[in-house]
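Asks: I'd like to ask you about the structure that follows.
The values are calculated or read from the model by the stated rules, or taken from the named source; none is laboratory data. Just so you know, these numbers come straight off a predicted model, no measurement behind them. When we count neighbours, we look across all protein chains shown, and the Cβ atoms used for this are built from the backbone with ideal geometry, even at glycine.
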Amino acid sequence: MKKLSTLTMSFRKPMSVMLLYIVTFSIPATLLFLTSCKALAPSNGKKAGSNTNTQVSSSQKPNLVQGGNFERGDYNKWTISNITPGVTVRFGGGRALYRGGNGGQAAIYQAIQVEAHQKYQINMRVSGHGGTDMWFEVYVGKAEPQIGQDYNDGGKRLALNTWNGCGKTPFNAPLTQLSCEGAARGVIQFSTSGTVYLLIKSGGGDLGTTGISLANVELRAIQ
């Protein structure tokens, strides 16, 4: 009987160790499984553990402007309109360059397809040494521009205007930062889908010694 008791005790000791081993490693494994399930759960545009919708930057949306970088192959995406003599527009070196003055004005434009009730943000980089009695204006309208004719459909979206205090001194920045005219700071929306026309024009007494350079033109959907 003594030998049997000794055998029983020796069997119980490993069983206790085994049970401790099972309990010790099962709990972390369960926690790891639950944590993994939470991390893999689809967020559907929301952060894990949050009800706040993730905002999508406009830079992540496609640029609807064609040839906005003004590379050599981009020139034919734009139509040049010399509205009145005195100001010219030329493409080259990754930019559109407006030069001149004498009360003239010139524009470039292109057609763009938009969706109803979708908000869009328009922006571009402009630079110059400052002008006198001059303007630089951006329009996005439904009416089709006509070569040689002035355009103002939809109203000014963004603009420089020396009478209003911007464009007199050297500038080099996104137009949304420089603009001192225009509705909603370049955010636009239309009630119907279809074709709109992006038109960018400049004119006035003097566009400055280096003219006004235009680059990186963008029109992107925003939330």
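Asks: Go through (1) more than 17 Å from Tyr197 (Cβ to Cβ); (2) assigned to a helix (DSSP H, G or I); (3) of a type outside the set (Lys, Arg) for Asn76 and report which single condition fails.
Replies: Unmet condition: (1).
Asks: For the stretch 113-160: of the residues being of a type in the set (A, V, I, L, M, F, W, C) and farther than 19 Å from Leu178 by Cβ, which is farthest from the chain's Cα centre (by Cα)?
Replies: Looking only at the stretch 113-160, we keep the residues that are of a type in the set (A, V, I, L, M, F, W, C), and these are 114, 116, 122, 124, 126, 134-136, 138, 140, 143, 147, 158-160.
Restricting the remaining residues to those that are farther than 19 Å from Leu178 by Cβ gives 114, 116, 143, 147.
Values: Val114: 15, Ala116: 19, Ala143: 25, Ile147: 29 Å.
Filtering the stretch 113-160 for residues that are of a type in the set (A, V, I, L, M, F, W, C) and farther than 19 Å from Leu178 by Cβ, the one farthest from the chain's Cα centre (by Cα) comes out as Ile147.
Asks: Give me the residue from the stretch 93-119 that is among the aliphatic types (A, V, I, L, M) and within 19 Å of Asp153 (Cβ to Cβ) and, out of that set, surrounded by the fewest Cβ atoms within 10 Å (Cβ to Cβ). Step through it out loud before you land on a result.
Replies: Step one: of the stretch 93-119, the residues among the aliphatic types (A, V, I, L, M) are 96-97, 106-108, 111-112, 114, 116.
Subset that is within 19 Å of Asp153 (Cβ to Cβ): 106-108, 111-112, 114, 116.
Details: Ala106: 24, Ala107: 26, Ile108: 24, Ala111: 14, Ile112: 16, Val114: 20, Ala116: 10.
Ranking the candidates gives Ala116 first.
A quick yes/no check of all residues on (1) surrounded by fewer than 14 Cβ atoms within 10 Å (Cβ to Cβ); (2) within 15 Å of Glu137 (Cβ to Cβ):
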site	(1), (2)
Leu175	no, yes
Ser179	no, yes
Gly182	no, yes
Ser191	yes, no
Thr195	yes, no
Ile200	no, yes
Gly203	no, yes
Asp206	no, no
Ser213	no, no
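Asks: Right, here's the next one. Of all residues in the stretch 141-169 being closer than 18 Å to Met124 by Cα and in contact with a Ser or Thr (Cβ under 8 Å, 6 or more places away or on another chain), which is surrounded by the fewest Cβ atoms within 10 Å (Cβ to Cβ)? Spell out how you get there, then give the answer.
Replies: So the first thing to find is which residues in the stretch 141-169 are closer than 18 Å to Met124 by Cα, and the list is 141, 155-161, 166-167.
From the residues that got through so far, the ones that are in contact with a Ser or Thr (Cβ under 8 Å, 6 or more places away or on another chain) too are 158-160, 166.
Working: Leu158: 26, Ala159: 22, Leu160: 28, Cys166: 19.
Ranking the candidates gives Cys166 first.
Asks: If the Cβ limit is 7 Å and pairs must be 6+ apart or interchain, which residue in the stretch 162-177 that is assigned by TED's automatic domain parsing to the domain that holds Arg95 and over 18 Å from Gly68 (Cβ atoms) pairs with which residue that is part of a strand (DSSP E or B) and of a type in the set (S, T, N, Q)?
Replies: Within 7 Å, the pairs are Thr162/Thr132; Gly167/Asn161; Phe171/Ser127.
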